[in-house]
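The values are calculated or read from the model by the stated rules, or taken from the named source; none is laboratory data. All of these numbers come straight from a predicted model, not from anything done at the bench. All Cβ positions, glycine included, derive from the backbone under ideal geometry; neighbour counts span all protein chains shown.
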Amino acid sequence: MTTTAAVPRSPEADARLLADFVALSAIGATPAGGVERQAATPEDAEMRAWLTAWLTERGFTVAGDRVGNLFGLYEFTPGAPYVLAGSHLDSQPRGGRFDGAYGVLAAAHAADRLVTHHREAGTTPPFNLAVVDWFNEEGSRFTPSMMGSAVFTGAMPLEKALATTDTAGITAADALARIGALGSSDVFGGARTVGSYAEIHIEQGRELDKSGTTLGLVDATWAANKYEIAVLGSQGHTGATAMADRRDALYGAALAVVAVRELAERFGEELHTSCGQLTVYPNSPVVVAREVHMHLDLRSPSDALLAEADDLLRRRFAEIELKAAVEIERRFAHTWKGHLYQEAGVALARAVAADLGVSSMLVKTRAGHDSTNMKDIVPTVMLFIPSVEGISHAEAEFTADEDLCTGVDVLTETLARMLDGALAE
């Protein structure tokens, strides 16, 4: 790497980053090397406490907003907008230790390096700096995903988010209150504003890994339609009820799962589909299921293809209703169109990578990220580092130490230039 960076790389900084990542990975650790710390659980609270202490010790002011987003603020220039960076600390059940948490830790380390740099140099950038842990990005405990950033950007009403319940009937508001994370006011508002945003994340795919490229410059996001599905039948005896008389909701749900997979096979890699979180009622071994709830997910780089697939699936569901003698109800849980990230942010990231001697390539994000929401309100940079074999949302998720460290170097330089006004509108 060259020495053009505002904060040159050092072995000591790398060691501190990796040690902190080990410490974070111990919170909610699972036996197979992953983590489980779903939103607003005790493990998530422990992560937030760790981050709060870390930021406070380094001179940041830590505050939470009304939907549980946690911010660390450092004011260089009173009244100036903030350059914001971060990701999320919550995880999937038995998830990977890199997803989200790396992005928060990378932002914290990058911000600390820049604060130290400006303090030692006696310089004052024209913008302020903040780190964020977005609430419930994963959407595994409360749906939809990316909840904290959706509320922050106005894409989701606060009241709707707080009223959302988990499978045990606990609302997001109650869960946040239990861990002391339900703020009473917004951190940003009035004179305090966000001027730009940056996020770094593991790719969760294998484009970087298979090409041997270090950095992904995210220029677009896939479109997505997410549904909550209810398959409705009639409860009956598994032995005594005649097969012709059965309205088996689980049979209908099984046909729906197959239909969704066959839809993906029809369109190839231009469409990704899934079904998950099936809940069967009454879930007894000797009772024909009366009702099945599940989540359905369609994603594509093409808005038009996604609409076509959605229409085909609607027709297939009508056929399943007749074949299985069930009713299928569906409603949007979360949806977004495919959108481009601002060219200015992509150009900035490309220039930083070139100046630091880091190989890079353009990539589209198939997964949703908080930057998906943030790019709609402020200039945004989204960066990826490699995921070995593209494994994610699993305990086997892995990214090499060298890539973790290089990612922080790139993010630090990107934020340095954003603090100097590189993305100022």
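Residues that are part of a helix (DSSP H, G or I) and touching a Leu at 6+ places or on another chain (Cβ under 9 Å) within region 318-327 comprise E319, I320, K323, A324, listed in sequence order. Scanning region 346-392 for residues being hydrophobic (A, V, I, L, M, F, W, C) and within 16 Å of the chain's Cα centre (by Cα) gives a total of 8. Applying the criterion of at least 3 residues that are surrounded by fewer than 18 Cβ atoms within 10 Å (Cβ to Cβ), touching a helix residue (DSSP H, G or I) at 6+ places or on another chain (Cβ under 9 Å) and outside the structural domain of V381 (by TED's automatic domain parsing) to the strands (runs of 3 or more DSSP E) found wholly in region 215-317 leaves 272-281. Of the numbered conditions (1) touching a strand residue (DSSP E or B) at 6+ places or on another chain (Cβ under 7 Å); (2) modelled with pLDDT under 95; (3) under 22 Å from R314 (Cβ atoms), T221 satisfies every one except a single condition; which is it? Among (1) touching a strand residue (DSSP E or B) at 6+ places or on another chain (Cβ under 7 Å); (2) modelled with pLDDT under 95; (3) under 22 Å from R314 (Cβ atoms), T221 violates only (3).
Go through region 133-148 and give me each residue that's in contact with a Ser or Thr (Cβ under 8 Å, 6 or more places away or on another chain) and either outside the structural domain of V378 (by TED's automatic domain parsing) or outside any loop (DSSP other than H, G, I, E, B) (or both).
Residues of region 133-148 in contact with a Ser or Thr (Cβ under 8 Å, 6 or more places away or on another chain): 133-134, 136-143, 146-147.
Within region 133-148, D133, M147 qualify.
Can you find a residue that is surrounded by 17 or more Cβ atoms within 10 Å (Cβ to Cβ), under 18 Å from the mean Cα position of the chain (by Cα), within 21 Å of M156 (Cα to Cα) and among the aliphatic types (A, V, I, L, M) anywhere in region 44-66? Among the residues of region 44-66, not one is surrounded by 17 or more Cβ atoms within 10 Å (Cβ to Cβ), under 18 Å from the mean Cα position of the chain (by Cα), within 21 Å of M156 (Cα to Cα) and among the aliphatic types (A, V, I, L, M), which makes the answer no. Scan region 155-187 for residues that are closer than 23 Å to D376 by Cα and crowded, with 19+ Cβ neighbours inside 10 Å and the total you get is 4. Here is a list: G100, G72. Which entry is under 19 Å from H369 (Cβ atoms), in contact with a strand residue (DSSP E or B) (Cβ under 6 Å, 6 or more places away or on another chain) and at pLDDT 95 or above? Matching residue, one of G100, G72: G100. Of the residues making up region 363-398, those that are part of a loop (DSSP other than H, G, I, E, B), surrounded by fewer than 24 Cβ atoms within 10 Å (Cβ to Cβ) and hydroxyl-bearing (S, T, Y) number 1. Here the strands (runs of 3 or more DSSP E) wholly within region 1-118 that include at least 1 residues being touching a Ser or Thr at 6+ places or on another chain (Cβ under 6 Å) and within 24 Å of L356 (Cα to Cα) are 82-87. Counting only residues that are more than 28 Å from the chain's Cα centre (by Cα) and either small (G, A, S) or surrounded by fewer than 13 Cβ atoms within 10 Å (Cβ to Cβ) (or both), region 3-34 holds 7 of them. All conditions in (1) under 25 Å from S140 (Cα atoms); (2) at pLDDT 95 or above; (3) hydroxyl-bearing (S, T, Y) hold for S360, with the sole exception of (1). Which ones in region 100-122 are in contact (Cβ under 8 Å) with a residue 24 or more places away in the chain and among the acidic types (D, E)? D112 - this is the single residue of region 100-122 that is in contact (Cβ under 8 Å) with a residue 24 or more places away in the chain and among the acidic types (D, E).
Quick check on my filter: what residues within region 180-214 are part of a loop (DSSP other than H, G, I, E, B), over 14 Å from S387 (Cα atoms) and more than 22 Å from the chain's Cα centre (by Cα)?
G180, S184, S185, G190, A191, T193
Residues that are assigned to a helix (DSSP H, G or I) and touching a residue at least 40 places away in the same chain (Cβ under 8 Å) within region 149-173 comprise S149, A150, V151, F152, T153, L158, A161, L162, A172, listed in sequence order. Scanning region 328-350 for residues that are among the aliphatic types (A, V, I, L, M), surrounded by fewer than 19 Cβ atoms within 10 Å (Cβ to Cβ), part of a helix (DSSP H, G or I) and touching a residue at least 12 places away in the same chain (Cβ under 8 Å) yields one hit, A344. The set of residues from region 351-362 being assigned to a strand (DSSP E or B), farther than 18 Å from S302 by Cα and not polar (S, T, N, Q) comprises just one member, M361. In region 399-419, what residues are outside any helix (DSSP H, G or I) and in contact (Cβ under 8 Å) with a residue 40 or more places away in the chain? The one that is outside any helix (DSSP H, G or I) and in contact (Cβ under 8 Å) with a residue 40 or more places away in the chain: T399.
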